[in-house]
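Values in this text are rule-based calculations from the coordinates and carry no lab data. Note that the structure is predicted; figures quoted are calculated from it, not measured. Every residue, glycine as well, gets a Cβ built from its backbone with ideal geometry; the counts of neighbours run over all protein chains shown.
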Amino acid sequence: MRNVTLILDDGSRFSGKSFGYEKPVAGEVVFNTAMTGYPESLTDPSYAGQLMTLTYPLVGNYGVPPFTIEANGLPTFMESEKIHAEAIIVSDYSEKYNHWNAVESLADWLKREQIPGITGIDTRELTKVLREHGVMMGKIVFDDEPDNIPEATYAGVNYVDKVSCKEVIRYNEGEGKKKVVLVDCGVKANIIRCLLKRDVEIIRVPWNYDFNGLEFDGLFISNGPGDPDTCDEAVQNIRKAMQNEKLPIFGICMGNQLLSKAGGAKIYKLKYGHRSHNQPVRMVGTEKCFITSQNHGYAVDNNTLGADWEPLFINMNDGSNEGIRHKQNPWFSAQFHPEAASGPTDTEFLFDEFVKLL
Ligand SMILES: NC(=O)CC[C@H](N)C(=O)O
């Protein structure tokens, strides 16, 4: 295993060994405190542009599931067709794996997908640095090579355009009871699976596609990578759709941010984001708390919500916005991931709420 160094923008350096594909890489360094879920997280398009640190120390011990495709065209066990994270950073990579559903090791998968993986990193120390300073740009360099990797930028880059579908894709065509337009900002497969399970037809459109001429019963806005302020074209289309006050609208993660923007609210960047399986959110107006799966770096500013809107969920750790709803119209969204994959499924009922409205 070749020696590598992770270098953060503040000059901090962490030594480790390469176990994935051997190439230097740069991106935004973020941390995820979930204990499992690396196949899902790595293939979640929302991680595009990011070097993913896992704080759970043992990684790789359950291997990687097969990349099989179901009749509907979706991968059975992954969240998209490829790894979207730029790299994975772990403390203790397990070369040996064992799981009923594993077909290969994490190292072999990373090599095939040309994604670097580094081990032997003190991920607790790294996470402390990121928590104190906030997320930072960083790079992984090979100690036996000159460091001439170009600087990467994250803020202001439209990553959604890189991961969204390029053409309209239909699921359950002519079969579902209701039709949903899904704005694909980098949609996770389990969102589509959760909708298909509820007997809807899906028209999946590119993030900036003007769907307003289509015939449909509800609008869904997906998760996606990067800075929501780069997605104004989507916001304009959502605003147009809102001229129909009866049209049900549901958004998840980036979808919460874009719906909020369409409603006039502002977005800000969190210091180090929420990436884990155990984020507690309270449903506003109730004593109900749900444990949620999250992966986001930006948040909706509650103080900028228009008079017709209210927060739907609040994060119980830091008080930040975790969803909004319109006071009269059937429009709501969640900043967390009700589709889980990976993580707790406690809030999957939000899909039922949406489908009931159609
Ligand atoms: N998972 C997501 O949709 C993330 C949304 C956005 N890219 C953020 O980081 O906040």
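Observations on the model:
- Net charge, C253 excluded, C-beta distance under 11 Å - Lys, Arg +1, Asp, Glu -1: -2
- Kirkwood estimate for the range 13-80, i.e. one over the average of 1/r between Cα atoms, Å: 13.9 Å
- Estimated FRET transfer efficiency when R0 is 30 angstrom, pair E22-N98 (beta carbons, to 0.05): 0.70
- Net charge over other residues, Cβ less than 10 angstrom from the Cβ of M78 (K, R count +1; D, E count -1): -2
- E287-K327 FRET efficiency (beta carbon distance; Förster radius 22 Å; 0.05 resolution): 0.55
- Full-extension gain in nm, K162 to N317, via 0.36 nm per residue minus C-alpha separation: 52.6 nm
- Fewest-first sequence of E22, E201, E339, E70 by Cβ atoms within 10 Å of each Cβ: E70, E22, E201, E339
- Under 21 Å from the Cα of K166 - lysines, other chains or at least 8 residues apart: K82, K179, K188
- Computed [θ] at 222 nm, deg cm²/dmol, the chain (DSSP H ≥ 4; -39,500 (n - 2.57); rounded to nearest 500): -5000 deg cm²/dmol
- Start at zero, step by 10 Å, and the Cα-Cα distances of the range 257-358 spread as 16, 50, 33, 2 percent across the bins.
- Flagged links, alpha-carbon separation over 26 Å, of K111/K197; K288/K356; K128/K269: K111/K197
- Sorted by Cβ density within 10 Å, fewest first, the residues L259, L247: L247, L259
- Normalised convex hull volume, the chain, alpha-carbon set, Å³ per residue: 127 Å³
- Relative exposure of F336, F351, judged by other C-beta atoms within 10 Å (fewest first): F351, F336
- Cα-based reach from K271 at 18 Å (exclusive), listing aspartates and glutamates while leaving out same-chain residues under 8 positions away: D9, D10, E28, E125, E132, D227, D229, D301, D318, E322
- Positive contributions from Lys and Arg (+1) and negative ones from Asp and Glu (-1), summed over other residues with Cβ under 9 Å from the Cβ of N223, come out at -1.
- Cα gyration tensor shape for the range 217-291, rounded if a/c is under 1.5, else prolate or oblate: oblate
- Eligible lysines near K266 by straight Cα distance, threshold 19 Å, same-chain separation 8 or greater: K240, K327
- Mean separation of Cα pairs under 8 Å and 6 or more residues apart, divided by the residue count, gives the chain a relative contact order of 16 percent.
- For the chain, the longest principal axis of the Cα atoms and the long axis of helix 123-133 meet at an angle of about 60 degrees.
- Distance between the modelled labels on Q243 and D147, one decimal in nanometres: 5.4 nm (7 Å Cα→Cβ projection).
- Efficiency of FRET between L270 and D346 - r from beta-carbon atoms, R0 35 angstrom, step 0.05: 0.95
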